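Trainee: Could you have a look at this structure, given as structure tokens, before my questions?
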Amino acid sequence: MNKNQLLRQLPSVNDIIKHEKADQLTEEYNRDLLIQGIRDELEYQRRKILKLLDKERFEEAEAIVDSLTLEKILDNIASNLEKEFRPQLAPVVNGTGVIVHTNLGRSLLSKEAKEMVEMVASHYNTLEIDRNTGERGSRYDNVEELICRLTGAEAAFVVNNNAAAVLLAISTFASGKEIIISRGELIEIGGSFRIPAVMEQGGADLVEVGTTNKVYIEDYAREINENTGMLLKVHTSNYKVVGFTEEVGLDQLVQLGHKYDIPVLDDLGSGVFLDMTEFGLEREPTVAERVEAGGDIVTFSGDKILGGPQAGIIVGRKDLIEKMKKHPLTRAVRVDKYTLAALEGTLKAYLRPETVIDKIPTLNMLSLDRDDLREPAKELQASLKDVLPDNIKCQIEEDISRVGGGAYPLSELPTLTVTIDWPGVGASKIASALRSHYPPIFTRIKDEKLVIDLRTLQEGDQEIIIDAFKELEVE
Ligand SMILES: *Cc1c(COP(=O)(O)O)cnc(C)c1O
């Protein structure tokens with residue numbers, strides 16, 4: 001049989017669309033999508049056949065044509081359409097061990113926060129209404145009260161993210177003026193957020209003081225003039241200057257600021273409410289401590305260690321925060337009802353310190369130690385051994401997980417991993433195949449082995465991993 005005769009044996013678009021299985025697909029999608037799906041599938045099969053014919057593998061080509069009944073083709077099309085309509089923003093299994101993984105969505109919400117989001121999504125709600133008067137109210141009131149209660153601050157405010165909070169503060173107080181900052185704090189965090197660039201955007205001139213490793217209060221004092229708009233302290237959350245160093249405490253900076261009536265902005269990065277040494281992490285100041293130290297304006301992220309939705313939380317002096325609220329930029333960086341709902345749900349958990357670690361997934365994952373992970377690690381190893389060929393080594397190993405989100409760069413969280421050593425198949429190939437699975441699975445690679453960190457796996461993830469390995473196709 002020649003090439004054309006063979007290809008002509010494939011059914012036509014018309015044949016396929018007349019089949020009863022096609023009716024079902026027309027109902028589920030629509031006729032145009034189905035026709036496109038049929039064309040794509042036929043084209044795909046034709047190419048596969050031609051490729052075999054080119055290599056003179058005639059029998060295999062004929063076998064494919066024979067196998068392609070109308071039903072089989074429609075099954076393929078149904079599966080293709082189903083895949084096409086899966087969420088592009090897909091749920092993933094995080095086997096990387098990085099808890100606040102910025103590329104994988106940072107924080108998972110607590111049950112209460114999720115319920116709040118679901119509630120505002122399904123019901124009209126009191127977003128901007130005063131129930132007593134029936135008049136328009138402020139969308140921020142509920143969470144502001146909570147934030148003040150938890151931090152001891154006089155006033156609070158919430159915007160889209162911490163970057164927006166910093167930009168808003170700079171624009172409000174230092175546009176057309178100078179900002180004094182230590183050379184050691186001119187940071188870049190991920191996604192090209194650079195402090196000097198943000199200052200420029202806010203219309204402020206940067207005045208650097210001190211050196212990379214040392215700065216003294218006199219360095220700041222020397223630069224103060226009538227055009228100084230703000231003193232800025234940036235918490236260097238994603239790196240540490242260690243060794244021969246000297247930095248100026250927030251309390252000293254605030255004292256200096258108050259003497260000249262200049263506001264001090266403290267960008268905390270990933271603010272925390274709890275003493276993180278409990279989790280084996282380095283000591284970092286809590287938000288309440290920064291407020292106590294007199295922080296005029298303290299800003300931090302809602303979705304880093306706090307474990308809530310993406311948000312920039314601002315706490316501090318009432319007069320300053322009122323001024324920020326009146327800035328035109330405020331409307332542009334306004335949070336929506338979902339953020340406010342999730343934030344309220346998250347913050348309420350912090351009112352009860354004895355249960356907060358159980359409730360907030362980020363804190364929960366931070367608190368796990370190797371003993372907590374031993375049982376799940378054994379389970380995963382055993383199930384993997386069941387589905388993997390005997391020559392593949394699957395072991396439990398001790399390793400280190402990371403906090404992520406540019407926080408606690410030096411902290412090492414002792415963890416357990418399951419590693420897979422597949423002779424002849426590179427770990428990056430397996431990793432890539434796992435990412436192509438649905439739901440996608442993200443892992444890490446160490447010493448040429450694939451590593452799945454137990455710390456960041458959620459309920460049900462082990463089953464997804466096992467299914468993926470059952471179907472795994474590595475070339
Ligand atoms: C993460 C971080 C930011 C930005 O916060 P987002 O909420 O991601 O916008 C700003 N400053 C510091 C010091 C940070 O660590």
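Trainee: Would you point out the residue of the range 200-236, among those that are among the hydroxyl-bearing types (S, T, Y) and in contact with an Asp or Glu (Cβ under 8 Å, 6 or more places away or on another chain), that is modelled with the highest pLDDT?
Mentor: T228
Trainee: Now for a separate question. When you go through K323, K337 one by one, which is the residue that is within 24 Å of A113 (Cβ to Cβ), more than 16 Å from the ligand (Cβ to nearest atom) and open to solvent by 10 Å² or more (accessible area, probe 1.4 Å)?
Mentor: Sole residue among the options that is within 24 Å of A113 (Cβ to Cβ), more than 16 Å from the ligand (Cβ to nearest atom) and open to solvent by 10 Å² or more (accessible area, probe 1.4 Å): K337.
Trainee: Quick check on L168: is it in the same structural domain as T245 (by TED's automatic domain parsing), over 21 Å from D261 (Cβ atoms) and surrounded by 17 or more Cβ atoms within 10 Å (Cβ to Cβ)?
Mentor: Spelling it out, it is not the case that L168 is in the same structural domain as T245 (by TED's automatic domain parsing), over 21 Å from D261 (Cβ atoms) and surrounded by 17 or more Cβ atoms within 10 Å (Cβ to Cβ).
Trainee: Would you mind stating whether V451 is open to solvent by less than 70 Å² (accessible area, probe 1.4 Å) and at pLDDT 95 or above?
Mentor: yes
Trainee: With the checklist (1) exposed (fewer than 15 other Cβ atoms within 10 Å of the Cβ); (2) away from the ligand (no atom under 15 Å from the Cβ) in hand, flag the one item V291 doesn't pass.
Mentor: Result: V291 passes all but (1).
Trainee: Sticking with this one: Those residues that are open to solvent by 60 Å² or more (accessible area, probe 1.4 Å), under 20 Å from the mean Cα position of the chain (by Cα) and among the hydroxyl-bearing types (S, T, Y), I need them from the range 82-136; list them, please.
Mentor: T102
Trainee: Within the range 374-395, is even one residue farther than 21 Å from D447 by Cα, of a type in the set (S, T, Y) and within 25 Å of the chain's Cα centre (by Cα)?
Mentor: Scanning the range 374-395, I find no residue that is farther than 21 Å from D447 by Cα, of a type in the set (S, T, Y) and within 25 Å of the chain's Cα centre (by Cα), so the answer is no.
Trainee: Where residues in the range 405-415 are modelled with pLDDT of 85 or more and more than 20 Å from L108 (Cβ to Cβ), which of them is most open to solvent (accessible area, probe 1.4 Å)?
Mentor: It comes out as E412.
Trainee: I'm trying to understand the selection: among the residues of the range 174-195, which are hydroxyl-bearing (S, T, Y), at pLDDT 90 or above and open to solvent by 10 Å² or more (accessible area, probe 1.4 Å)?
Mentor: Hit for the range 174-195 is S175, nothing else.
Trainee: Something else now. Taking the range 250-270 as the region of interest, how many residues are not in a helix (DSSP H, G or I) and not hydroxyl-bearing (S, T, Y)?
Mentor: Looking only at that region, the number is 9.
Trainee: Here is a further query. Identify all residues within the range 238-284 that are on the phi > 0 side of the Ramachandran plot and either open to solvent by less than 10 Å² (accessible area, probe 1.4 Å) or modelled with pLDDT of 90 or more (or both); write none if there are none.
Mentor: D261, G269
Trainee: Residues being farther than 16 Å from G97 by Cα, crowded, with 18+ Cβ neighbours inside 10 Å and touching an Asp or Glu at 6+ places or on another chain (Cβ under 8 Å): count how many of those fall in the range 429-448.
Mentor: Within the range 429-448, residues that are farther than 16 Å from G97 by Cα, crowded, with 18+ Cβ neighbours inside 10 Å and touching an Asp or Glu at 6+ places or on another chain (Cβ under 8 Å) number 2.
Trainee: Can you tell me which of V198, V159 is in contact with a strand residue (DSSP E or B) (Cβ under 8 Å, 6 or more places away or on another chain) and either more than 13 Å from the ligand (Cβ to nearest atom) or open to solvent by less than 50 Å² (accessible area, probe 1.4 Å) (or both)?
Mentor: V159
Trainee: Now for a separate question. For the range 140-156, enumerate the residues that are surrounded by fewer than 18 Cβ atoms within 10 Å (Cβ to Cβ) and of a type in the set (D, E, K, R).
Mentor: Once the filter is applied, which keeps residues that are surrounded by fewer than 18 Cβ atoms within 10 Å (Cβ to Cβ) and of a type in the set (D, E, K, R), the range 140-156 yields D141, E145, R149, E154.
Trainee: Is it the case, given these coordinates, that R222 is within 16 Å of the ligand (Cβ to nearest atom) and open to solvent by 10 Å² or more (accessible area, probe 1.4 Å)?
Mentor: no
Trainee: Checking the conditions here, which among G134, G97, G105 is touching a strand residue (DSSP E or B) at 6+ places or on another chain (Cβ under 6 Å) and of a type outside the set (A, V, I, L, M, F, W, C)?
Mentor: G97
Trainee: Same structure again: Confirm whether I305 is within 13 Å of the ligand (Cβ to nearest atom) and either assigned to a loop (DSSP other than H, G, I, E, B) or open to solvent by 10 Å² or more (accessible area, probe 1.4 Å) (or both).
Mentor: Yes: the conditions hold for I305.
Trainee: Determine, yes or no, whether V315 is within 13 Å of the ligand (Cβ to nearest atom) and touching a residue at least 24 places away in the same chain (Cβ under 8 Å).
Mentor: no
Trainee: Follow-up. Yes or no: the range 277-286 includes at least one residue that is more than 10 Å from the ligand (Cβ to nearest atom), in contact with a helix residue (DSSP H, G or I) (Cβ under 9 Å, 6 or more places away or on another chain), closer than 18 Å to S401 by Cβ and of a type in the set (A, V, I, L, M, F, W, C).
Mentor: The answer is yes, given that some residue of the range 277-286 is more than 10 Å from the ligand (Cβ to nearest atom), in contact with a helix residue (DSSP H, G or I) (Cβ under 9 Å, 6 or more places away or on another chain), closer than 18 Å to S401 by Cβ and of a type in the set (A, V, I, L, M, F, W, C).
The values are calculated or read from the model by the stated rules, or taken from the named source; none is laboratory data. None of these values were measured; they are calculated from a predicted model. Using ideal geometry, Cβ is built from the backbone for each residue, glycine included, and neighbour counts are taken over all protein chains shown. Please note that ligands, DNA and RNA were not included when accessible areas were found on the heavy atoms of the full protein model with its side chains. Shrake-Rupley method; radii C 1.70, N 1.55, O 1.52, S 1.80 Å.
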